[in-house]
1. Quick check on my filter: what residues within segment 105-119 are of a type in the set (V, I, T) and under 19 Å from E146 (Cβ atoms)?
2. From D39, D63, D31, grab the single residue that is modelled with pLDDT of 95 or more and farther than 20 Å from L108 by Cα.
3. Does N68 qualify as being polar (S, T, N, Q), closer than 22 Å to L129 by Cα and under 13 Å from the mean Cα position of the chain (by Cα)?
4. Would you mind finding the one in P136, P112 that is surrounded by fewer than 18 Cβ atoms within 10 Å (Cβ to Cβ), more than 20 Å from G12 (Cβ to Cβ) and either of a type in the set (S, T, Y) or touching a residue at least 60 places away in the same chain (Cβ under 8 Å) (or both)?
5. Looking at segment 128-146, which of its residues are touching a Pro at 6+ places or on another chain (Cβ under 6 Å) and part of a strand (DSSP E or B)?
Amino acid sequence: MRQYDLAQLNVGRLVAPIDSPAVAEFVDALDPINALADDSAGFVWRFQTEAGNATDERPFDDDEILVNFSTWESVEALAGYVYRTAHTEYLRRRREWFQRFDDVAVVLWWVPAGHRPTVEEAIDRLEHLREHGPTPHAFTFRRRFEPESDDAVDGPERDVCPA
C-alpha cells in the first residue's frame, strides 16, 4: 500500500481576462484536458470548484493568476501525463495564453496517501520553494526528493508548468 502521494501546484498569469477571446482556446480545452488527467495512470485527485475546474479560485491579489493542483501516485505518473499525453501540446503553447512568470510557478511535495491539499497549503509550499529553493518540503521536477529523504534526485534539465 502506498504511503505517499505526490502533490503539485502550478500557477500562471493569463495574458487576458478568462472570458477574453485571447484565451478562449485554452478555456475550451480545460474540460477535455482535465478529463485526460482524471483518466491518466497514477492520477489520484485534482482541486476543482463547483464549475469542475480550478479557474474560479483566485487566491492571489492578481485576478489573472490561475492555480491548478492535484495529487498523483508518483513523480513518474505526473510526468507521464504532463509530457506524454495530449496535454503536452497545450504545454508547448502555454505562452499563447500565459505571461512569462518571473518567479517559480511549479512546486511538488509529498503528502500522506489520500490527503487532499488545501489552497493555503499549496501556496505555502510554493512560497517555501521560492524562499528556500528545492528542499524535501517543496521541490521541482528538476531537483526532487523522495518521501522521507533529504537526498535530492536530479530530473529533467528544466522545470515547466505542468498544466
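The values are calculated or read from the model by the stated rules, or taken from the named source; none is laboratory data. Keep in mind that what you see is a predicted model, and the values were worked out from it rather than measured. Ideal geometry is used to build each Cβ from the backbone, glycine not excepted, and the neighbour counts take in all protein chains shown.
1. Matches in segment 105-119: V106, V107, V111.
2. After ruling out the rest, the residue left standing is D39.
3. Working: polar (S, T, N, Q): yes; closer than 22 Å to L129 by Cα: yes; under 13 Å from the mean Cα position of the chain (by Cα): yes.
Spelling it out, N68 is indeed polar (S, T, N, Q), closer than 22 Å to L129 by Cα and under 13 Å from the mean Cα position of the chain (by Cα).
4. Details: P136 fails: either of a type in the set (S, T, Y) or touching a residue at least 60 places away in the same chain (Cβ under 8 Å) (or both).
P112 is the lone residue from the list that is surrounded by fewer than 18 Cβ atoms within 10 Å (Cβ to Cβ), more than 20 Å from G12 (Cβ to Cβ) and either of a type in the set (S, T, Y) or touching a residue at least 60 places away in the same chain (Cβ under 8 Å) (or both).
5. Those that are touching a Pro at 6+ places or on another chain (Cβ under 6 Å) and part of a strand (DSSP E or B): R143, F145.
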